[in-house]
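Since the structure comes first, as structure tokens, the remarks are kept for the end.
The values are calculated or read from the model by the stated rules, or taken from the named source; none is laboratory data. Here the structure is a predicted model, which means the values were calculated and not measured. Heads up, the Cβs are rebuilt from the backbone with ideal geometry, glycines too, and the neighbour counts pull from every protein chain shown.
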Amino acid sequence: MDSPTSLKRALVEAGFEVFRTRGDEVVLAERPRDNLIMDALVGVRARTPLEVRVTFRVQKSEYLHDTDEVLFERVRTLALAAVAFSEERCDVVQVHDPGDPNKVIDNFYDVTFVALARSFEHACELAQQALALDKRGTS
């Protein structure tokens, strides 16, 4: 796949639902119920080789007394099932109040993992595996 547009088209033809394209990454939609799209945590990057990315997260509001270190460890424990993926990065993402962009209402503790695909078919298999994983830690 030489471009995000051709990758998006191929993923749709393969049966995936696309949430959006962000740069060279096609972000896949996840639907916990038929009428609800969660913010997507799985994507495929149009690179050579194709890259499948999955982000695991916990929210600070779920674990108010935990330190940053403990929260990231919770996320990494959640990600143990992603055996085909390697950790790429970790981030603290602030969630702002929609009515007041200066007010932070929560923090997401995200750890992103990546796997390199041998082929488009392999990327689809990895994406299906990632979509099936529990990516959100809750107390």
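Here are the numbers for the structure shown:
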quantity	calculated
Yes/no for SER86 being at pLDDT 95 or above, exposed (fewer than 12 other Cβ atoms within 10 Å of the Cβ) and touching a Pro at 6+ places or on another chain (Cβ under 9 Å)	no
Filter result for GLU73 (among the acidic types (Asp, Glu), over 16 Å from the mean Cα position of the chain (by Cα) and within 25 Å of ARG31 (Cβ to Cβ))	no
Filter result for the condition that a residue is exposed (fewer than 12 other Cβ atoms within 10 Å of the Cβ), modelled with pLDDT of 95 or more and closer than 26 Å to ALA81 by Cβ, over GLY43, GLY15	GLY15
